[in-house]
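Read the structure below first, then the notes.
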Amino acid sequence: MSAEAMKKVLVVMRHAPYGTFYAFEGLQTLLIMGAYELDLGVAFVDDGVYVITRNQNPKALQVKQVAQTFPALPDFEVHRFYVLEDSLKERGLTLDDLVIQPQVIDRAALAALFEEHAAVLPF
Amino acid sequence: MLYTVNKSPFASPNLERCLQVAPAGSPILLYEDGVYAAAAGTAFEERLHAALQAHPIYALQSDLEARGLSNLVEGVRVITYEDFVDLVIEHNVVPWL
C-alpha cells in the first residue's frame, strides 16, 4: 500500500498513567496497530502528558513502567508524536521532563489534527 | 477525620471539593493520581499551598515514585504504606472518591 493511501489514525492520550488503565491500553493499541500499515500518530493532551514524564518507577505498585516503551514506538511504525503546549504549562513541565520529544502544538493545531485523521482514538 | 483523595486535580474537582468541606486541622492524604496535586510548579501549587495553611497534607511515597514526582510543594509530608496504616488507625476516614 502506498504511503499516500495509508489511513491516518490518531491516538489521543488524555489520562495519567497508573491510576487507571487508559495509558496502558492506549500504548497496547499503538503497538498492535503498528502491524496494520496505518499512518499512526499519538497526541498527549491534559493529564496524558504525565504518561511520558521521566523517572517513573512503579516497582512498589508491581506494574510495568509505561513511559519507557514510548521511545521504541518508531520501531512499531509510530512516527508522529504531538504534545499540547497548554497541558505542559499547566503542569509546570517542559520537553526536558519527557522521555520523547513530541512536536509541541497549540489547541488550534490539535483541532486541525483531528480534522485530518480518519479516526481519533481516545485513551 | 482523615480525608483521602485519589484523583488528579487537573482531571477531577475532587480535591477542590474536599478542601471546601474538610474542617481546618483535618489531615488530607493524597494517593494514586491524587499525588499530582503535590507536585511543585503546577497550576495547582498555589491552591495546595493555601490548603497547607489549614491542613496537614500527606502524599503516598509509592505513588509519587511511580509517577516520577520528586519536586514537591513545600510542606507536603511524604509517607509510606506503614504510615498510611497508622493514620487510618488514628483517624476515622472520609474517602473522597
>> Being crowded, with 22+ Cβ neighbours inside 10 Å and more than 14 Å from every other protein chain (Cβ to nearest Cβ): is that true of B:Leu29 here?
In response: yes
>> Please determine whether any residue of the range A:22-44 is within 11 Å of chain B (Cβ to nearest Cβ), among the aromatic types (Phe, Trp, Tyr) and buried (at least 18 other Cβ atoms within 10 Å of the Cβ).
In response: yes
>> Just to be sure before I move on: is A:Val66 surrounded by 16 or more Cβ atoms within 10 Å (Cβ to Cβ), under 10 Å from the mean Cα position of the chain (by Cα), modelled with pLDDT of 95 or more and on the phi < 0 side of the Ramachandran plot in the structure I sent?
In response: no
> Within the set of pairs 6 or more residues apart or between chains, which connect a residue that is within 17 Å of B:Phe44 (Cβ to Cβ) and modelled with pLDDT of 95 or more inside the range A:71-96 to a residue that is of a type in the set (A, V, I, L, M, F, W, C) and part of a helix (DSSP H, G or I) with Cβ atoms less than 6 Å apart?
Replying inline: A:Ser87/A:Val49; A:Leu88/A:Val49
> What about B:Ala51, is it touching a helix residue (DSSP H, G or I) at 6+ places or on another chain (Cβ under 7 Å), in a helix (DSSP H, G or I), more than 9 Å from chain A (Cβ to nearest Cβ) and under 18 Å from B:Cys18 (Cβ atoms)?
Replying inline: yes
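The values are calculated or read from the model by the stated rules, or taken from the named source; none is laboratory data. Quantities reported herein were computed from a predicted structural model and do not represent experimental measurements. Positions of Cβ are backbone-derived with ideal geometry, glycine not excepted, and every protein chain shown enters the neighbour counts.
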